[in-house]
Amino acid sequence: MSEANAPLEATAAAAQAAIAEEFGYFADWAERYQYLIDLGRKLPEFPDTLKREEHRLHGCQSLVWIVGEGDAARLDFRAISDSAIVSGLIYLALRVYSGRSAAEILATEPDYVASIGLAKHLSPTRNNGLASLLAFIRDCAANAAKSA
């Protein structure tokens, strides 16, 4: 995911495979958490003007703002959190889903969550927040697909 909001990988499946490979390099969860924090720092700037209640993602313990733009052919997401680890989780989700078609988003289960062990190593509140983030992305894709 670059500053220009273009996906790093050609497909969501390729992004998930790359994420699993990258996390496989780390021996323990202390290193993986540090990597998540480092990834969160790579999120593009999120304008303060978008940090409004209508863009706030509820279901997260941390403050998260997310905006989805586009149509069924391509949906782009921008998001940020006040939490370093949550920002890393956002980065991973956007890497998989942002810049993809609604159909690809809807056809892609977030397998990377299980493959890298996130579900087992996040607190219940962070798991809930991640579920809310992924649901928001899927809802945007479903709405875009209906409008097409």
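Values in this text are rule-based calculations from the coordinates and carry no lab data. Source: prediction; values computed, not measured. Positions of Cβ are generated from backbone atoms using ideal geometry, with glycine treated the same way; all protein chains shown enter the neighbour counts.
For the chain, a Gaussian network of Cα nodes joined below 10 Å ranks SER98, SER132, SER87 by mean-square fluctuation, and the top entry is SER132. The slack in the chain from ALA119 to TRP29, taken as 0.36 nm per residue of separation less the alpha-carbon distance, amounts to 31.2 nm.
Of all the options ALA30, ALA131, ALA17, the one that moves most in a Gaussian network model of the chain with Cα springs shorter than 10 angstrom is ALA30. Based on Cβ point charges of +1 for Lys and Arg and -1 for Asp and Glu, what charge dipole magnitude is obtained for the chain about its Cα centre, in debye rounded to the nearest 20? Roughly 260 debye for the chain. Once divided by 2.2 N^0.38 Å, the Cα radius of gyration of segment 6-148 becomes 0.99. What the Kirkwood sum gives for segment 26-90 is a hydrodynamic radius of 12.8 Å, with every pair of different alpha carbons counted. Highest mean packing comes first when the peptides 32-38, 8-14 are listed by Cβ atoms within 10 Å, giving 32-38, 8-14. Taking ALA107, ALA18, ALA27 in turn, the Gaussian network model of the chain (Cα-Cα springs below 10 Å) assigns the largest fluctuation to ALA27.
Can you compute the label reach from THR11? Point 7 Å from Cα along the Cβ direction, backbone N cut-off under 13 Å, restricted to segment 108-148. Of the residues in segment 108-148, 108-109 have backbone N under 13 Å from the label point off THR11.
Each of the peptides 114-120, 44-50 was scored by the mean count of other Cβ atoms within 10 Å over its residues; in descending order, highest first, they stand as 114-120, 44-50. In the chain, helices alone account for a calculated mean residue ellipticity at 222 nm of -16000 deg cm²/dmol, with every DSSP H run of four or more residues adding -39,500 (n - 2.57).
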